[in-house]
Amino acid sequence: MKEFIKKVVIFSSLIIIFCFLLAEIKFTDDFISSQTYGTDYEKVGWNLNVINNRKEDVKNGVIFLGSSYVLNGVNDSILSLNGIKSLNLAIKHPSNDLALYFLKRLAPLKPKEIIFLKGKTFFGDLHKLSPLLYRPSELLNDGQSINLFFISYLFKRAKLSIEYLFYVLKNKKGKKDYDNKYGIRYEESYMSNHQFYAKEEIKKRQLEEESFNLNQNNFLYQSEKNNTNWLKRIKSLKRKLIFNYYSQNDLLNNTTSQENFVFTAKEKCKENDIIFSQIYLPVVSDAVSNLPKNEIPFMLLKSDADVIYFFKDYNFLNDNTLWTDKHHLSKNGSIFFTSKLKDKL
């Protein structure tokens, strides 16, 4: 039995080493663009086109990086027309590793400020596109832990490396059309009156908003605070244990690595004399929150930037036509939100 286990360990180690070496092959921007063109992540090719062909648009500009919250919510055309030269380079799916990848590509072009998305809580996992963008040595150097997420990433990267070799052999190249001047991608639809104004829906959103802030309130909902029985204490302890030992466990959720990426981003900006900051994008529950107005709407993390752009009160977004769903601003919402944001910037 011991001999069998030994052979399995040796074989597995050899497979991982082979995958690591294969995954170290560097992909061209053309291959990366071809893999994302026509998909939900087509913005990757648009970003690379900006970096390679629109360097003057980046120089001394304000660059927004983040997920679909930023992609749909921050209107860079409004900001630029109001004297704040800016580009929205956000891509769907929340993570700091993808934002860091583009920060490193942008740094030599000397933007004035780079703004990461500040999440309501910590980020976990890796971005779905990390295997396409990162070599394993780069990912580890930027702060990724060697854990289950890294092993999963490694096999995906190795598979893409094989596809890339065939891509090079076939010499597949073609010009992609990226005509949009600005990076905002509107969501045209909006929430129905019932979805937004129904009492039961409002109550659900208020509870959801409280759930994001339980760590600031001894892990108790407001309705539980006056209840002193033993069941309340058990609920509080259970939530605290989940928060401290599961949600922030890097092996299970990759959260420490995600914070490490922000620390790396700060250092990269410091080296290149770029201002590093973050922006919080609201969700519907922020607009109907029953939390005290002196409470911040997100969880504070060690990696947070010195400057985080946010509003203490989001009641100005309490209108169904400003939202496409409970997490994303509509076209009207992004225009209205950005018109408020420009004064903070």
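The values are calculated or read from the model by the stated rules, or taken from the named source; none is laboratory data. Here the structure is a predicted model, which is why all the values come from computation and not from measurement. In this analysis, Cβ positions are derived from the backbone assuming ideal geometry, glycine residues included, and neighbour counts consider all displayed protein chains.
Key figures for this structure:
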{"read-out": "So Tyr134, is it of a type in the set (Phe, Trp, Tyr) and either loosely packed, with under 15 Cβ neighbours inside 10 Å or farther than 30 Å from Val58 by Cβ (or both)", "value": "no"}
{"read-out": "Of residues in region 323-345 being closer than 10 Å to Glu188 by Cα and of a type in the set (A, V, I, L, M, F, W, C), the one surrounded by the most Cβ atoms within 10 Å (Cβ to Cβ)", "value": "Leu329"}
{"read-out": "Index of the failed condition, Ile274 passing every other in (1) closer than 26 Å to Lys59 by Cβ; (2) within 19 Å of the chain's Cα centre (by Cα)", "value": "(2)"}
{"read-out": "Region 29-41: number of residues that are touching a residue at least 12 places away in the same chain (Cβ under 8 Å) and either among the charged types (D, E, K, R) or not in a helix (DSSP H, G or I) (or both)", "value": "5"}
{"read-out": "Some residue of region 73-88 being more than 19 Å from the chain's Cα centre (by Cα), at positive phi and surrounded by fewer than 18 Cβ atoms within 10 Å (Cβ to Cβ)", "value": "yes"}
{"read-out": "Tally of residues being surrounded by fewer than 11 Cβ atoms within 10 Å (Cβ to Cβ) and either closer than 26 Å to Leu89 by Cα or in contact (Cβ under 8 Å) with a residue 60 or more places away in the chain (or both) across region 193-209", "value": "1"}
{"read-out": "Residue match in region 42-63 (condition: modelled with pLDDT of 95 or more and part of a strand (DSSP E or B))", "value": "yes"}
{"read-out": "Ser236, sole failed condition from (1) more than 30 Å from Asn72 (Cβ to Cβ); (2) exposed (fewer than 12 other Cβ atoms within 10 Å of the Cβ); (3) in contact (Cβ under 8 Å) with a residue 12 or more places away in the chain; (4) among the hydroxyl-bearing types (Ser, Thr, Tyr)", "value": "(2)"}
{"read-out": "From Lys43, Lys55, Lys92, residue being basic (Lys, Arg) and out of contact with any Ser or Thr (no Cβ under 9 Å at 6 or more places or on another chain)", "value": "Lys55"}
{"read-out": "Of all residues in region 98-149 being assigned to a helix (DSSP H, G or I) and of a type in the set (Lys, Arg), the one that is nearest to Ile274 (Cα to Cα)", "value": "Lys104"}
{"read-out": "Considering residues of region 210-223 that are surrounded by fewer than 15 Cβ atoms within 10 Å (Cβ to Cβ) and touching a helix residue (DSSP H, G or I) at 6+ places or on another chain (Cβ under 8 Å) only, the residue nearest to His327 (Cα to Cα)", "value": "Gln222"}
{"read-out": "Count of region 264-323 residues which are at pLDDT below 95, of a type in the set (Val, Ile, Thr) and assigned to a loop (DSSP other than H, G, I, E, B)", "value": "3"}
{"read-out": "Region 46-72 - residue that is small (Gly, Ala, Ser) and closer than 25 Å to His327 by Cβ and, of those, farthest from the chain's Cα centre (by Cα)", "value": "Ser68"}
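Quick grid of which residues meet (1) touching a residue at least 24 places away in the same chain (Cβ under 8 Å); (2) more than 23 Å from Asn218 (Cβ to Cβ); (3) surrounded by 21 or more Cβ atoms within 10 Å (Cβ to Cβ); (4) in contact with a Leu (Cβ under 7 Å, 6 or more places away or on another chain):
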residue	(1), (2), (3), (4)
Gln258	yes, yes, yes, no
Met299	yes, no, no, no
Phe316	yes, yes, no, no
Thr321	yes, yes, no, no
